[in-house]
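Down below is the structure, laid out as structure tokens.
Laboratory data are not the source of any read-out in this text; all were calculated from the coordinates shown. Here the structure is a predicted model, which means the values were calculated and not measured. Here the Cβ positions follow ideal geometry from the backbone for every residue, glycine too, while neighbour counts run over all protein chains shown.
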Amino acid sequence: MPENKPRPPQDQPWENGWAPDTSRAPGTRRLWLAGMMAVATIVACATAIVVTERAPDGESRSAPAADTASVPGLISFATPSETPPEGKSGLATEKPTSRAPRQQDAGSPEPAPKPSKSAPREGSSPTADPKPPATTWRSVRSVNYPDRYWHASGGYVALDPVRGSESREDSTFQQVKGLADPSCYSFVTQNGSYLRHRNFVLRPERSDGSAVFGRDATFCPRGSSYSGAVMLESVNYPGYFLRHKNFVVRLERFEYSSLYLADSSFRLVGGLA
């Protein structure tokens, strides 16, 4: 059994022969940790100072790039405040439209259309927008007798071929708005007489201003089975149409026959006279 020797007191190392361990100083670990914390604190403070100093520089450098709006993908909220004074709004699409007229005004091709637009306005009074004539000269040609026309002669209207200039004048009428219905037609001769039906025969007579005369002289165009032709229906006798019979123009009731359809179909052509 080893003998337990009492440990000499440490407060007298030189007297009792005991020496302390000098390879490790007391509190070294604590001092090391405190030093590391101090270094970390200094590094953190220095880093914060550097970051705060560089942040304004970074913002100032990035600001011009956003103002120029030349880099795609960047969104700038400062540019709209600068662009509205140049145009009516802050949209970029209005800039080309506002500059385009200035470039076109400086060029030579643009002034040419401007005088062309003003020229028609100056000459619009005599030539532009001509009003249609109140009357239209017409000659009435038969469908089944294409060489014969309405001809006012002898107190009635016959279907005759054209013979000389006098025949042309008597076969030319003014087509005007109907006396009893403006959507229909009335026909006036060269001497101012109206074609009206009396006793169911078409005659040239002077207007007496009566309502009966106006209805007798008004005929409404209706569709025909012949291309380019019309049928003329009486206003005061619905279902009665003008037709030629024995080469005399009369007013007769409609019939479902090929002869009636041919005799009552006429083409309104340009005046012969």
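Miscellaneous remarks
- Among residues other than Ala273 with Cβ under 10 Å from its Cβ, the summed charge is -2 (Lys and Arg +1, Asp and Glu -1).
- For the range 205-218, backbone phi angles converted through the Karplus equation (6.51, -1.76, 1.60; θ = phi - 60°) give residue-by-residue couplings of 9, 6, 6, 9, x, 7, 5, 5, 4, x, 6, 5, 9, 10 Hz, Gly and Pro being listed as x.
- In order along the range 235-244, the phi-based Karplus estimate (6.51 cos²θ - 1.76 cosθ + 1.60, θ = phi - 60°) of 3J(HN,Hα) comes to 6, 8, 10, x, x, 9, 10, 6, 8, 9 Hz; Gly and Pro are listed as x.
- For the range 32-38, Karplus couplings with θ = phi - 60° (6.51, -1.76, 1.60), whole Hz, Gly/Pro x: 4, 5, 5, x, 4, 5, 5
- Built amide H within the under 5 Å cut-off of Arg198, gap 5+: Arg203
- Taking the Cα centre of the range 141-273 as origin and assigning +1 to Lys and Arg Cβ atoms and -1 to Asp and Glu Cβ atoms, the resulting dipole is close to 80 debye.
- Under 5 Å, built H, 5+ apart or other chain: amide partners of Arg148: Ser142
- Order by protection proxy (mean Cβ within 10 Å, highest first), peptides 179-191, 32-44: 179-191, 32-44
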